[in-house]
């Protein structure tokens, strides 16, 4: 997937799904997103456009209201939306969280492992999951077996039991074992209250520079926002 950071003007290629990041403060400014979408409509082939968003607001109730309004506006412009949770007290911290999430999401269909996720899988997932919640965790050494617990804690509890489908990616070293993989998937399934494991699309990528480390990246479609679009 191609990642476009907020304010970036030059677009190199439209041949792959597009990720656009937007950190929201009080009022959402989607003019630059509109400009991108307008340009795309002039093209013969339109890619999948995904907005990866996060809200910077210390008041949780106000944050929820801003998020709902933002989703309503963005739905008119993009094909899918991924919400990145943050509890940041400083703007630059929230900005960094969103930047990291955008980079990780944009790389999901690029890494090669023994269970791959590709652009076709992405389109299939986002066709029926137009709004999703993001989670991430990394653990290594003695704490490696705590990765799934850290991952679950990265996702607000209010979303549990509200998941339609999930994308779950494990980036790990060459010492990955089947038992670890199964443990992570089953733990996430139970904690997120996903009824059937078939509702989780799983990828496992081998990272040559990892040493006794595992990263977990997840995108969870929200039931109340589920729908079908021609992507």
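Looking at the stretch 200-221, which of the residues that are surrounded by fewer than 19 Cβ atoms within 10 Å (Cβ to Cβ) and touching a helix residue (DSSP H, G or I) at 6+ places or on another chain (Cβ under 8 Å) is farthest from residue 72 (Cα to Cα)?
Only one residue tops the list, namely 212.
Out of the residues in the stretch 169-184 that are crowded, with 19+ Cβ neighbours inside 10 Å and without any contact (Cβ under 8 Å) to a residue 60 or more places away in the chain, which is nearest to residue 219 (Cα to Cα)? It would help to see each step written out before you state the result.
Filtering the stretch 169-184 down to residues crowded, with 19+ Cβ neighbours inside 10 Å leaves 169-172, 176, 184.
The next check asks that each one be without any contact (Cβ under 8 Å) to a residue 60 or more places away in the chain; those that pass are 170, 172, 176, 184.
On the way: 170: 12, 172: 18, 176: 22, 184: 15 Å.
That would be 170.
With respect to residue 100, is the statement that it is on the phi < 0 side of the Ramachandran plot and surrounded by 15 or more Cβ atoms within 10 Å (Cβ to Cβ) true?
no
Would you mention how many residues in the stretch 79-93 are farther than 16 Å from residue 133 by Cβ and out of contact with any helix residue (DSSP H, G or I) (no Cβ under 6 Å at 6 or more places or on another chain)?
Qualifying residue count, the stretch 79-93: 6.
With the structure loaded, tell me whether residue 146 is part of a helix (DSSP H, G or I), in contact with a strand residue (DSSP E or B) (Cβ under 8 Å, 6 or more places away or on another chain) and either at pLDDT 95 or above or closer than 23 Å to residue 224 by Cα (or both) or whether it fails that test. Steps first, answer last, please.
On the way: part of a helix (DSSP H, G or I): yes; in contact with a strand residue (DSSP E or B) (Cβ under 8 Å, 6 or more places away or on another chain): yes; either at pLDDT 95 or above or closer than 23 Å to residue 224 by Cα (or both): no.
Spelling it out, it is not the case that residue 146 is part of a helix (DSSP H, G or I), in contact with a strand residue (DSSP E or B) (Cβ under 8 Å, 6 or more places away or on another chain) and either at pLDDT 95 or above or closer than 23 Å to residue 224 by Cα (or both).
The values are calculated or read from the model by the stated rules, or taken from the named source; none is laboratory data. None of these values were measured; they are calculated from a predicted model. Methodologically, a virtual Cβ is constructed for each residue, glycine included, from the backbone with ideal geometry; neighbour enumeration extends over all protein chains shown.
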